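Below is one structure, written out as C-alpha cells; the observations come after it.
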Amino acid sequence: MTRPTTFRPTYLEIDLEAIRSNIQSLQKKLCEGTTIIPVVKANAYGHGAIEVVKYLEKHGLHFFAVATPDEAVELREAGSKSDILVLGHSPHHFVPYAVEQGIHLTAHSLEWLQQLSSEEKPSLHVKLDTGMGRIGLANDKEVLEAVELLSENPNWDFAGIYTHFAKADEERNPHFEEQLKRFKKWLSLFPQKPRFIHAANSAAAIQHPDAAFTAVRFGISMYGLAPSSWMQEATDFPYRPAMRLVTELVHVKQLPAGGTIGYGATYTCEEPEWIGTLPIGYADGFLRGLKPLNVLIEDEKAPIVGKICMDQTMIKLSKAFKVGTKVVLLGSNGVHTIPAEEWAEHLQTISYEICCQLSYRVPRIYPLSDK
C-alpha cells in the first residue's frame with residue numbers, strides 16, 4: 001500500500017478497482033470500439049488525478065479529459081504519456097506547450113480560432129453549444145465559418161468535435177432531444193469528420209446509447225456516483241463508490257448533565273454522556289452544515305453534536321470507546337453506509353460538490369496503486 005507520510009489519522013481511502021469496475025460496467029453498454037475518455041478534472045473529482053490516471057493507464061486507458069491547462073500540465077509533469085483534452089478555455093500562449101506535449105485543446109469560439117496562428121499545429125476539438133449556454137459555437141453561421149477556417153489551415157489537427165447536455169440526467173425530455181438533434185445537424189456540416197465525436201457525459205452514456213457516437217466522456221459515474229437522484233432510482237447501472245473518508249477518535253470523555261459542547265454552547269447534555277472528538281473539521285471539507293448527521297463507529301451510528309469546528313468535530317458515543325477507534329464519515333464500514341448523496345441532500349447540493357470540496361489537508365491513500 002502506498003500512503004503519503006502523514007501524522008494525522010484522517011484520510012480518504014480511494015478504491016481504484018471500483019473506478020475500473022465502473023468503467024467496465026459502462027463498456028458493456030457501449031458499442032465495440034467506442035472510446036471512453038475518463039474525466040479527471042478537479043483532481044479527479046477529489047479522488048486524486050495523478051494516481052487515478054496512473055492506475056487506469058496500467059489497465060489500457062490512454063485518453064483523459066481535464067478542465068484547465070494547468071491540470072493537463074500536472075498530469076504531464078507526473079509522467080503521463082496519454083492523450084489529454086482540456087475541456088475549458090486555453091489562452092493562446094499555452095498553445096505551443098500543448099503542441100509540444102501532445103495536449104488536445106478545445107476550440108470554443110470563432111474568435112479563439114481566428115487568433116490561432118496558421119503556423120501552429122494544435123490538436124483541436126471544436127465545441128458546439130447546442131443548449132448548455134456556456135462555451136462553444138452557437139449557430140449555423142459560426143459553425144460554417146469554423147468549417148472554413150479548418151479547411152484553410154491544414155496544419156491544424158481537427159481531432160474532435162463535441163457538445164455537452166444540460167438535462168441528460170433526467171428522464172428523456174424535449175431539451176435533450178433538441179440538443180442531440182442540433183448536434184447531429186451541425187456535425188453534418190463538417191465534410192471531414194474527426195476521430196473523436198463525443199456528446200455523451202456519464203448520464204447520456206448510461207441511458208442514451210444513441211448519443212455515444214465514437215467516444216464518451218465518463219465523469220461522475222466513473223467514481224461510483226449517480227448523475228442525479230432520478231438516475232439512481234431509474235437506471236440499473238451498478239454504481240460502485242470509490243471514496244471512503246476515515247478518521248479516528250483522538251479524545252473521549254464523559255460530560256455531566258448540563259455540560260455544553262462547542263462554539264456557542266449549542267449542545268447541552270441532558271444526562272451524563274460520552275463524547276468523542278475527531279480530528280477533522282470544515283477546513284477539511286467536513287462542513288458545518290453536516291450537523292446533525294451521523295458518523296459510523298464499529299457497528300453503530302453516532303450523531304454529530306455541537307458545531308463542527310475548523311479542525312475538530314465532536315460526536316455522541318454510546319459508551320467509552322477507546323481512543324484510536326476508527327470512524328467512517330463517508331462510505332461504508334461493512335455494516336452501515338453513508339453515501340455522498342446523503343451529505344448532498346442534507347446540504348441541498350449535488351454529490352459532485354461533496355467529493356470536490358474535500359480539501360488538500362486530507363491525504364488520499366490508494367490500497368491498489370502498486371498493483
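Below, the figures for the structure above:
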quantity	calculated
Computed E for THR325/MET132 - FRET, C-beta separation, R0 56 angstrom, nearest 0.05	0.75
Contour excess over end-to-end distance, with Cα ends at GLN27 and GLN114 and 0.36 nm allotted per residue	27.5 nm
ASP210 versus LEU347: modelled label distance in nm, points set 7 Å from Cα along the beta carbon direction	3.7
Computed P(r) (all Cα pairs; the stretch 202-301; 5 Å bins; percent)	2, 9, 14, 15, 14, 10, 8, 9, 8, 5, 3, 2, 1, 0
Prolate/oblate/rounded label for the chain (Cα gyration tensor, a/c 1.5)	prolate
Whole-Hz ³J(HN,Hα) from phi, Karplus 6.51 cos²θ - 1.76 cosθ + 1.60, for the stretch 178-190, glycine and proline x	5, 4, 5, 4, 5, 4, 4, 5, 5, 4, 5, 7, 8
Added length on full extension, which subtracts the Cα-Cα distance from 0.36 nm per residue, ARG172 to GLU271	30.3 nm
The chain - percent relative contact order, Cα under 8 Å, separation 6 or more	20
Aspartates and glutamates whose Cα lies under 12 Å from that of LYS181, excluding same-chain neighbours fewer than 8 positions away	ASP210
Sparse-neighbour loop sites [trypsin sites (Lys or Arg not before Pro); the stretch 75-172; at most 15 other C-beta within 10 Å; DSSP]	LYS81, ARG134, ARG172
Separation in nanometres of the label points that stand 7 Å from Cα toward Cβ, at SER229 and GLU77	4.1
J(HN,Hα) series, the stretch 35-50, from Karplus relation 6.51 cos²θ - 1.76 cosθ + 1.60, nearest Hz, glycine and proline x	7, 9, 9, x, 8, 10, 5, 6, 6, 6, 6, x, 8, x, 4, 4
With at most 13 neighbouring Cβ atoms within 10 Å, loop chymotrypsin sites (Phe, Trp or Tyr not before Pro) (DSSP) excluded, longest segment of the chain	8-359
Point-to-point label distance, ARG288-GLN192, nm (Cα→Cβ direction, 7 Å offset)	5.8
Anisotropy class of the stretch 16-228 from Cα gyration tensor, a/c 1.5 cut	oblate
At most 14 other Cβ within 10 Å, DSSP loop - trypsin sites (Lys or Arg not before Pro), the stretch 189-290	ARG195
Over the stretch 243-338, relative contact order from alpha-carbon pairs under 8 Å, at least 6 apart, %	35
Whether the stretch 243-338 is rounded, prolate or oblate, judged on the alpha carbon gyration tensor where a/c under 1.5 counts as rounded	oblate
Under 5 Å, built H, 5+ apart or other chain: amide partners of VAL39	ALA65, PHE218, GLY219
Estimated [θ] at 222 nm from DSSP helical runs (n ≥ 4, -39500 (n - 2.57)) normalised by residues in the chain, nearest 500	-7500 deg cm²/dmol
Rel. contact order, % - alpha carbon contacts under 8 angstrom, at least six apart, the stretch 16-228	21
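The numbers here are math on the coordinates, done by the rules we state, and not lab data. Because the structure is a prediction, the values reported are computed rather than measured. Positions of Cβ are generated from backbone atoms using ideal geometry, with glycine treated the same way; all protein chains shown enter the neighbour counts.
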